[in-house]
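See structure below.
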Amino acid sequence: MFHRIRRRAADPSEAQRRFFEQSARLQAPESPEAERVWAELERREQVAVVDDFLPPELRVPNREQLGGMMMPWTQPLVLDGEMVACSECGSYRDWLILSTRDQVWLRCRAGHQQLETRLDTAWYNRNSGPTVSTHATFEDCLRHHGH
Ligand SMILES: [Zn+2]
């Protein structure tokens, strides 16, 4: 019994000793060549991590990440058999259709915006193509669409 207890007590310290020996071996600089290889491996890992990310202009956020979306709509927009006209200037074509927070807004060439309650995000998604570009600001996006 006494013998077993002593052995059990000795075992952890033996394992500890081996662990410290191995750690010391790992921590000790082995040779300039080994250091060079490690540095090379680390460099490659860093490059690989960078390669995982597309350049910002190629990253397309999903629709939930966007504050809103817009698409040009040059032809007249007919809803419920009625042609939609700008309530301020009366223009009825060359819209930008904006979709944000489950609301759809129409923006005329003159920059008037009106909420279009007959349209919703589902309608917008059915009628818009894939996202081709993203813009940091609303103004950038307007400029992109020539407004
Ligand atoms: Zn207008």
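Figures for the structure shown
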| quantity | calculated |
| --- | --- |
| Lone unmet requirement of (1) surrounded by fewer than 13 Cβ atoms within 10 Å (Cβ to Cβ); (2) within 14 Å of the ligand (Cβ to nearest atom) for P130 | (2) |
| Neighbours by Cβ (under 7 Å, 6+ apart or cross-chain): first from the range 119-146, in the same structural domain as T74 (by TED's automatic domain parsing) and touching a residue at least 12 places away in the same chain (Cβ under 8 Å); second assigned to a loop (DSSP other than H, G, I, E, B) and among the charged types (D, E, K, R) | D120/D102; T121/D102 |
| Residues that are aliphatic (A, V, I, L, M) and surrounded by 15 or more Cβ atoms within 10 Å (Cβ to Cβ), drawn from the range 133-147 | L142 |
| Unmet criterion (only one of (1) surrounded by fewer than 11 Cβ atoms within 10 Å (Cβ to Cβ); (2) more than 22 Å from E82 (Cα to Cα)) for T117 | (2) |
| One residue from D94, D102, D80 being out of contact with any Gly (no Cβ under 9 Å at 6 or more places or on another chain) and buried (at least 16 other Cβ atoms within 10 Å of the Cβ) | D94 |
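The values are calculated or read from the model by the stated rules, or taken from the named source; none is laboratory data. Quick caveat, the model's predicted, so the values are computed rather than measured. Note: ideal-geometry Cβ built from the backbone for every residue, glycine included; neighbour counts use all protein chains shown.
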